[in-house]
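Note sheet for the following structure.
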Number of protein chains: 2
Amino acid sequence: MSQTSENTLKVAHQGFKYFTHGLATGEWNDFLEILTEDFNFWFPQGKYHGLNVGKQQAKEFFQYVSQAFNTGLTITSLERVTSNETTVVFEFCDEGNLMGEPYKNRVAVSFDVREDKICGYREYFGSNGKSN
Amino acid sequence: MSQTSENTLKVAHQGFKYFTHGLATGEWNDFLEILTEDFNFWFPQGKYHGLNVGKQQAKEFFQYVSQAFNTGLTITSLERVTSNETTVVFEFCDEGNLMGEPYKNRVAVSFDVREDKICGYREYFGSNGKSN
């Protein structure tokens with residue numbers, strides 16, 4: 001299957017929907033299902049800071065995120081979506097409680113798409129996570 | 001002039017070239033020239049954390065950046081460029097010295113384009129700025 005911008009956008013939007021659901025509920029199965037086996041991701045800080053490789057690592061990471069935000073993390077606004085043939089970037093704001101403290105951030109996540117799966121993910125922080 | 005994706009990409013690439021030059025040399029005139037008077041920007045942390053409005057504020061900000069990185073900040077690789085009709089996101093890695101300490105980061109910057117100028121800028125950090 002050849003890669004088209006249209007398909008890339010479609011797969012990334014589906015992935016982002018599952019990602020949003022995972023953040024809100026802690027249920028990551030749909031999101032994990034759409035990842036390639038060699039999925040890799042970059043995260044800005046903490047235990048998973050830097051490059052992480054493989055779907056099992058991703059599973060552990062997203063469980064760790066949901067443990068930290070155990071009442072869920074809500075995407076309050078999706079601000080911009082940009083794309084090219086293989087990559088889609090979502091800029092959004094989120095809000096929740098991190099270890100019981102009010103948290104909000106501005107975030108950019110970049111999904112790389114291969115055929116009907118997501119093969120890469122990079123997260124970038126636009127704020128310091130404090131709620132004020 | 002109507003907004004087209006092609007023009008948006010062209011203006012944003014020109015802006016990114018000036019931005020790169022500003023980071024490397026501390027000379028920001030070309031970059032400031034391409035900004036609208038009502039240019040606004042979001043920055044993740046420090047003195048300019050949050051939303052900043054107006055070209056004068058931008059001028060002070062970029063001078064402040066160049067004072068902090070007084071030997072220049074080099075973009076070591078441009079990793080992805082994504083776009084839509086009005087916005088272009090550049091994902092890149094940079095490296096330099098921050099107040100004399102080795103610094104490197106993964107960064108996403110998002111430029112909003114209006115006609116032949118850049119009217120908005122959002123910066124996101126993909127790392128913690130430490131060089132290891």
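The values are calculated or read from the model by the stated rules, or taken from the named source; none is laboratory data. Owing to the predicted nature of the structure, the values given are computational and were not obtained by experimental measurement. We place every Cβ from the backbone using ideal geometry, glycine too, and count neighbours over all the protein chains shown. SASA here: full protein model, heavy atoms, side chains in, ligands and nucleic acids out. Shrake-Rupley method; radii C 1.70, N 1.55, O 1.52, S 1.80 Å.
Table for the structure above
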read-out	value
Estimated inter-spin distance, A:Lys17 and A:Glu60, nm [label 7 Å along Cα→Cβ]	3.1
Interface B:A - total buried accessible surface [probe 1.4 Å, Å², rounded to 100]	2100
Using a 7 Å Cα-to-Cβ projection, B:Asn128 label spacings across copies, nm, ascending	1.5
Table column - 3J(HN,Hα) (Hz), the range A:113-124, Karplus curve with 6.51, -1.76, 1.60, x for Gly and Pro	10, 10, 6, 9, 10, 9, 10, x, 8, 10, 10, 10
FRET efficiency estimate (nearest 0.05) - Cβ-Cβ, A:Asp30 to A:Glu95, R0 22 angstrom	0.50
Which listed pairs, of A:Lys59/A:Lys104; A:Lys17/B:Lys55; A:Lys17/B:Lys59; B:Lys17/B:Lys47; A:Lys104/B:Lys47; A:Lys10/B:Lys10, have C-alpha distances above 28 Å, in listed order	A:Lys17/B:Lys55; A:Lys17/B:Lys59
Where the protein assembly as shown is the region considered: accessible area per residue in Å², 1.4 Å probe	49
Label distances, nm, A:Lys17 versus same residue in remaining copies, Cβ-directed 7 Å point	4.1
Taking chain B and dividing mean pair separation by its residue count, relative contact order in percent (alpha carbons under 8 Å, at least six apart)	27
Span per principal axis, largest first, for the Cα atoms of chain A (Å)	46, 30, 24
Amide H contacts under 5 Å for A:Glu85, placed H, 5+ residues apart	none
Label distances, nm, B:Gln57 versus same residue in remaining copies, Cβ-directed 7 Å point	3.9
5 angstrom amide H check on A:Gln45, placed H, neighbours 5+ away	A:Gly50
Share antiparallel - DSSP beta bridges, chain A, percent rounded to 5	90
Fraction of accessible area attributable to carbon and sulfur, the protein assembly as shown (%, probe 1.4 Å)	48
Sequence-distant residues sharing a close amide H with A:Gly126 (under 5 Å, placed H)	A:Arg106, A:Val107, A:Ala108, B:Phe125
Using alpha-carbon coordinates, inclination of helix B:55-68 to the longest axis of chain B, degrees	30
With Cα atoms, 0 to 90° folded angle of helix B:5-25 axis to chain B main axis	30
Karplus-derived HN-Hα couplings along the range A:78-95 (A = 6.51, B = -1.76, C = 1.60, θ = phi - 60°), whole Hz, x at Gly and Pro	9, 8, 8, 10, 10, 8, 9, 5, 10, 9, 10, 10, 10, 9, 8, 10, 10, 7
Simple label model, 7 Å out from Cα along Cβ direction - B:Asn70 to A:Asn128, nm	2.3
